[in-house]
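This report concerns only the one structure given below.
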Number of protein chains: 2
Amino acid sequence: MLYSKLFGKTVREAPKDATLASHKLLYQAGYIRELSSGRYMLTPLGFRVEQNIIKIIDEEMAKIGSQRLVVPTFHPLELWQATHRDEVWGEGLSQVTDRRGARFAVGATAEAVMVEFVKKFHPSWRDLPIVLHQFSNKFRDELRARGGLVRAREFVMKDAYSFAADEQALLATYWDQFHAYERIAHRLDIKVIPVEADSGALGGDFCHEFIVPCDWGEDTILTCECGYSANVEKAEFVRDDINSGEAQKPLEAVAQPEWVATMDDNVKHYNLPKARFLKNVVYKTHQGQLVIAVVRGDLDVNESKLAKLVGEGELVPATADDLRTIGTKPGWVHAWGHAARYIGDTSLTTVSNFIGGHKEQTTDTINVNYGRDFTCETLADIAEAQAGAVCGKCGRKQLRVQKGVEFGHVFKYDDFYTKAMGCTFTDSDGKEKYLQMGAYGIGIGRAMAIVAETHHDAYGLVWPQAVAPYQAHLIGMPGAEVTKQAAAVYARLTEAGIEVLFDDREGVSAGVKFSDADLLGLPVRLVVSAKTGAKVEYKNRAQEQTALLTVDELLVRFK
Amino acid sequence: MLYSKLFGKTVREAPKDATLASHKLLYQAGYIRELSSGRYMLTPLGFRVEQNIIKIIDEEMAKIGSQRLVVPTFHPLELWQATHRDEVWGEGLSQVTDRRGARFAVGATAEAVMVEFVKKFHPSWRDLPIVLHQFSNKFRDELRARGGLVRAREFVMKDAYSFAADEQALLATYWDQFHAYERIAHRLDIKVIPVEADSGALGGDFCHEFIVPCDWGEDTILTCECGYSANVEKAEFVRDDINSGEAQKPLEAVAQPEWVATMDDNVKHYNLPKARFLKNVVYKTHQGQLVIAVVRGDLDVNESKLAKLVGEGELVPATADDLRTIGTKPGWVHAWGHAARYIGDTSLTTVSNFIGGHKEQTTDTINVNYGRDFTCETLADIAEAQAGAVCGKCGRKQLRVQKGVEFGHVFKYDDFYTKAMGCTFTDSDGKEKYLQMGAYGIGIGRAMAIVAETHHDAYGLVWPQAVAPYQAHLIGMPGAEVTKQAAAVYARLTEAGIEVLFDDREGVSAGVKFSDADLLGLPVRLVVSAKTGAKVEYKNRAQEQTALLTVDELLVRFK
């Protein structure tokens, strides 16, 4: 490819809102342009990177027997409604009504359509497992798009789905995908940590995220030396005992100044550690129901754990107005007695004689004990694991906290979708049974951003060979003779099947060409100049040293 | 690929609404399934056919220097509004409003977005011409989906766009695409006739359709021995002179029975040929304005020609209620005097002393002459060319009529989009000038349907090699020894890089396997049975004769 003819040139300035290196560099080097917030156009260079990533993933899917196909983007809304996914996704799901009044969900994910597809061929046990994948646009009306391709509202996704006869067979396909994801990350030269995670709006209750550790990531993961690793939404930890052996004293209402409302106020007033207090946090479901989460004062509520427990895709913090409807206000919420659902954390049993729980204008309660003085609808794991907490798996080591970004996600749904949609197979005993289903996703745009984020230096991108849009960046220096020689080198390399980007621009300085080459980040830079004579200067983008090679020697390097 | 593992099996029954062979066979052979009306899921087999077609088109695009990229599906609505395309497309264009209130058009075509993309890199004359293409889903809320993949509401399209410095440079890219389309059709083994056509809702005024002649097509084309060929929406023809030399008689109101309302009534009552009467047809624009088209009685109004002339994407026939608003009713419309826009066909000047034009309850007018007794806002080509009409190009030969289906379409827009959207380049003289633009589309699903429609027999599909999902269909007959041998042949062929579909099913009769092979339509059928010994029976799907070959001989056939 001649750089002079390439659509999409380098620019010096970065987008004003760009904070990530990948976002800045992909823009500056001319790989992407934003059409509207979170919706990106890929230039020919960007498209080639995307295709290279797709190729790697497609090959790994083929290796585990997945068959590629494609389904439409507009899904009949009733398919989403069968599992109430339209409600759970809420505004994140775009909808369209056509001219005949038919309603569609614009594909945010494709579980329901794949189930429908499989139903149409009503499989027998002989056909199982069925493993399918596609690369197609996904549409998610994210509240906040961010980081360029990291969180986009429209993006290409590899989504795979497996359908098996029973849980064991499903798990086999699940681990196939799991290991394929490890191989894909390896081929993309990115390091991933698989962690147990929450499946959120997609349904199901067993899943892993593949997290790339990085300080700008939106995910928080906890890892233990024992091998356990989980997203903070899921991470299990041991509630250390505070004083549960202590004798329970009688519940007492005590005088307390009105200003004591926050946890810090309490600590100051009583001079006791946070763990001795009750903390009540109020949330609202999308139907408007209030949920009061009660946790030990040193812990925080994890909204994902709580949402999952109460069967919601998303909870929002209650407002002062919401609190007024149950006769209270911020800082004054009671651990019992309000007209709301009470959900308690298991930490409530680790303390004897809690302070608080029923703050009034001049009083509060002390010596509050769970089970005796108040109970919740249920006690469960709704608190967030913190750095240093004891691992819930081994029960011995302390958890470590890291930030990261999700590269991929694998879900085990069992019959969550197939039962709701009546998707069965005929088993060898002649009986109809529900298919057991899993789903497996990788966002291609995000993968591209992650590779860019983990492969750059101060001068630009440094693509790994497997995803680079071209293998070599050939620079021709000024001068008629040199230009002719560079063109000949370009022709030789191209004939040999090497994908070369040839900066053939006239009237552009060597300095600009060199800095553009660094910015674009192709694995190898080649220079033909008056100084190189009949040879070519070869330089690996990631290294400093150069070598003078004949074209024949050059060809060997690309083998 | 093992047929036993292939997702998507053959079935005997066809969809109830299927009328076309391609629709029936693609369904029965398991290439497609409809998710909702006009929205299709492709099975792994169907997907492979689609990919093969995409590959051919992509290669031909690369040959003419087109660069592949991709743009989002949700287009900011204001980009469509810049050229009023949202109004012209009307309900055919799906729209979405996101959670922040931003409005989007769901990509029905991508002219405006490509203009926006080019603007972001503000090209100089050195960068021109810019030729870009993508393969992406298009969404069109068609009033009637039909024929399986022939007219779908969602489909993959190759859409290409060229941007050039001036009309001559634009035409060079236009003809590049034109010739690429001819090569693509040739490689897909389909016969196309390029015809001049109307650009409809897409804008511009010069375009060609590539029509595949067939009796089930929705397009009507007219061709002349002189080489002229055009869609009926555009076809120019000579208005034969009826009696224009005849002396004009005085306009006269004559008694006429009330029952004389239709053209047939007139012919019966006056015993004169249709050409001697005036015909007035009323349409309504999408803003509700009434347009009365006046043509010679033997001709019909062509709605596309008329719509184009009045600057509308679409006209609808006026209803009796509409006619009431201008004080008339069906069959009683006057050729002048109503509160409506009057547009006349050029045929109005070929007749002296028209009959009709002002029908009242007991009277009508005779000896009506255009220019003397009535005039229209304009006289133009708004009548439909009929078989036998004299070609408007050569003026000598008669036009022939054929039905056909559109395979591709090339448009020359000039600065229609770029001017409205302010898309300029810096010319060598330093001045900013509007880019001259063209656009070029091929629907992949329809191409697949056309290939299927033109490549089948009574038993099933007969794919041309270039698009077949697999090159060979290997059938193993019952028996342990034969099964082992067939598996060995499969392994040998697969190792040699030949794409083989191996029907390895057990407990399925030879008859079923043979008929499935015919239905699927792979180019070559191979059979291993007790009768073939160490050899393999080779049969071309399109031919009757078979040959017994060793595996080595077989490999040679696939070279």
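Of note:
- Residue within segment B:2-14 that is outside any loop (DSSP other than H, G, I, E, B), at pLDDT 95 or above, more than 10 Å from chain A (Cβ to nearest Cβ) and closer than 24 Å to B:Met157 by Cβ present: no
- Among the residues of segment A:93-117, those identified as at the interface with chain B (Cβ under 8 Å from one of its Cβ atoms), in a helix (DSSP H, G or I) and either of a type in the set (Val, Ile, Thr) or touching a residue at least 60 places away in the same chain (Cβ under 8 Å) (or both) are A:Val113, A:Glu116.
- Set side by side, the residues A:His186, A:His208, A:His269, A:His286 differ, and just one is assigned to a loop (DSSP other than H, G, I, E, B) and surrounded by 13 or more Cβ atoms within 10 Å (Cβ to Cβ), which is A:His286.
- Boolean, B:Val508 is free of Cβ contacts under 8 Å to residues at least 40 places away in the same chain, part of a loop (DSSP other than H, G, I, E, B) and among the aliphatic types (A, V, I, L, M): yes
- Pairs, first under 12 Å from A:His334 (Cα atoms) in segment A:364-375, second among the acidic types (Asp, Glu), C-beta under 7 Å, six or more apart: A:Thr365/A:Glu252
- Filter result for A:Gly357 (in contact (Cβ under 8 Å) with a residue 60 or more places away in the chain and in contact with a Ser or Thr (Cβ under 9 Å, 6 or more places away or on another chain)): yes
- Of everything listed in (1) touching a strand residue (DSSP E or B) at 6+ places or on another chain (Cβ under 6 Å); (2) of a type outside the set (A, V, I, L, M, F, W, C); (3) part of a loop (DSSP other than H, G, I, E, B); (4) farther than 15 Å from A:Tyr3 by Cα, the single unmet condition for A:Gly497 is (1).
- For segment A:309-354, the set of residues classified as touching a residue at least 40 places away in the same chain (Cβ under 8 Å), of a type in the set (D, E, K, R) and surrounded by fewer than 21 Cβ atoms within 10 Å (Cβ to Cβ) consists of A:Glu314, A:Asp322, A:Arg341, listed by residue number.
- Put simply, of B:Ala180, B:Ala185, B:Ala145, B:Ala172 the only residue that is within 14 Å of chain A (Cβ to nearest Cβ) and in contact (Cβ under 8 Å) with a residue 24 or more places away in the chain is B:Ala145.
- Criterion: crowded, with 23+ Cβ neighbours inside 10 Å and small (Gly, Ala, Ser) - qualifying residue of B:Ala496, B:Ala491, B:Ala468: B:Ala468
- Filter pass, A:Asp429 being outside any strand (DSSP E or B), of a type outside the set (A, V, I, L, M) and more than 22 Å from A:Tyr31 (Cα to Cα): yes
- Of the candidates B:Ala261, B:Ala253, B:Ala275, B:Ala293, the single residue that is among the small types (Gly, Ala, Ser), part of a strand (DSSP E or B), touching a residue at least 24 places away in the same chain (Cβ under 8 Å) and surrounded by fewer than 20 Cβ atoms within 10 Å (Cβ to Cβ) is B:Ala253.
- Residue under evaluation B:Val131, criteria (1) buried (at least 16 other Cβ atoms within 10 Å of the Cβ); (2) touching a Gly at 6+ places or on another chain (Cβ under 8 Å); (3) in a helix (DSSP H, G or I), criterion not met: (3)
- A single member of A:Glu78, A:Glu59, A:Glu34, A:Glu87 is part of a helix (DSSP H, G or I) and within 13 Å of chain B (Cβ to nearest Cβ), and it is A:Glu78.
The values are calculated or read from the model by the stated rules, or taken from the named source; none is laboratory data. Predicted model, so just to flag it, every value in this text is computed and none were measured. We place every Cβ from the backbone using ideal geometry, glycine too, and count neighbours over all the protein chains shown.
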